[in-house]
Amino acid sequence: MAHAAALQHGDFTALATDYGRYRPGYAKPVLSAVLGLLRREASSLDAVDVGAGTGLWTHMLAGVGFRSVTAVEPNAAMRAAGQRDDGGHDIVWRDGTGEATGLADGSADLLTMASSFHWVDFDSATAEFRRVLRPGGWFVALWNPRLVERNPLLAEIEAELLRMKPDLRRVSSGRSGITETLTDRLNQHPGFDDVVTIESRHVVRQSVEHYLGAWRSVNDVRVQLGEVDFGRFLEYVRDRLADADEVEATYLSRAWAARRRD
């Protein structure tokens, strides 16, 4: 009998449906602040979302009326999910990576990576973004981590992960990893200046099944635990929330923006 290949770091092929269905959106004030940096009407500007996944952030961009919105995503399953659930938005989907978008020189006024910049090579990707951006255009990297300490029950669930795997290392958290040094690295980059950080909290109320679906879409935890222990973790979560009508989670949308030097 053939066995399914083990999930790999950064491979969301098997997670695309859960990712698109259960991941929460980003705080709207962060989008408003990003638009303010552009200092022009969105209808006169072109936006690109790289590492777009299923388009959670891409759809938010499309909803504010940019002249064009392009989504660049290397994973075919994620692209397909994004195109299938496009919300009626006019988005152009392309195959490409952060290091090689396939886009023309000077073709974007805003280039974003939402919950994906930690997967690319910093130097290669920022060089590519500077090439794609027009002079004065903005690059924005953003994440949307949960503030688990705001809900003792969710903090207890997170603690169970560390009990199961004490050396667990989160790859994608917007509160650690690449974000700890990102301000300094962007400030030191010769191709960008005017580095700005933006953050906003928002509360999401969801069913227990929705909350479990969000966990199923997480790549780094699933890979490090392995499928058997990850299944045990989901059962623990289900049992722990057996008496809950809904789950209230606080998210912290965090963005780092940098303007392309002329």
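The values are calculated or read from the model by the stated rules, or taken from the named source; none is laboratory data. It should be emphasised that the depicted structure is a prediction, and the values quoted were computed from it without experimental measurement. Cβ atoms come from the backbone with ideal geometry, glycine included; neighbour counts cover every protein chain shown.
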>> Could you tell me how many of the residues in the range 241-256 are touching a His at 6+ places or on another chain (Cβ under 8 Å) and modelled with pLDDT of 95 or more?
In response: 1
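Condition check ((1) out of contact with any Ser or Thr (no Cβ under 7 Å at 6 or more places or on another chain); (2) in contact (Cβ under 8 Å) with a residue 12 or more places away in the chain; (3) closer than 30 Å to residue 39 by Cβ) across all residues:
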{"residue": "194", "(1), (2), (3)": "yes, yes, yes"}
{"residue": "219", "(1), (2), (3)": "yes, yes, no"}
{"residue": "232", "(1), (2), (3)": "yes, yes, no"}
{"residue": "239", "(1), (2), (3)": "yes, no, no"}
{"residue": "243", "(1), (2), (3)": "yes, no, no"}
{"residue": "246", "(1), (2), (3)": "no, yes, no"}
{"residue": "249", "(1), (2), (3)": "yes, yes, no"}
{"residue": "252", "(1), (2), (3)": "yes, yes, yes"}
{"residue": "261", "(1), (2), (3)": "yes, yes, yes"}
> Of all residues in the range 115-134, which are crowded, with 16+ Cβ neighbours inside 10 Å, among the hydroxyl-bearing types (Ser, Thr, Tyr) and either more than 19 Å from the chain's Cα centre (by Cα) or under 20 Å from residue 189 (Cα atoms) (or both)?
Replying inline: 116, 126
> If you go through the range 115-136, how many residues are among the polar types (S, T, N, Q) and not in a helix (DSSP H, G or I)?
Replying inline: 2
>> Take the conditions crowded, with 23+ Cβ neighbours inside 10 Å and either free of Cβ contacts under 8 Å to residues at least 40 places away in the same chain or among the aliphatic types (A, V, I, L, M) (or both) and apply them to residue 147. Does it pass?
In response: no
>> When you scan the range 229-243, do you find a residue that is within 22 Å of the chain's Cα centre (by Cα), of a type outside the set (D, E, K, R) and within 30 Å of residue 129 (Cα to Cα), even just one?
In response: no
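Matching residues to (1) among the acidic types (Asp, Glu); (2) in contact with a Leu (Cβ under 6 Å, 6 or more places away or on another chain); (3) buried (at least 19 other Cβ atoms within 10 Å of the Cβ); (4) modelled with pLDDT of 90 or more:
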{"residue": "155", "(1), (2), (3), (4)": "no, no, no, yes"}
{"residue": "159", "(1), (2), (3), (4)": "no, no, no, yes"}
{"residue": "167", "(1), (2), (3), (4)": "yes, no, no, yes"}
{"residue": "185", "(1), (2), (3), (4)": "no, no, no, yes"}
{"residue": "198", "(1), (2), (3), (4)": "no, no, yes, yes"}
{"residue": "220", "(1), (2), (3), (4)": "yes, no, no, no"}
{"residue": "223", "(1), (2), (3), (4)": "no, yes, no, no"}
{"residue": "239", "(1), (2), (3), (4)": "yes, no, no, yes"}
>> Test of understanding: among 50, 120, 140, which residue is among the β-branched types (Val, Ile, Thr) and either out of contact with any strand residue (DSSP E or B) (no Cβ under 6 Å at 6 or more places or on another chain) or farther than 22 Å from residue 255 by Cα (or both)?
In response: 120
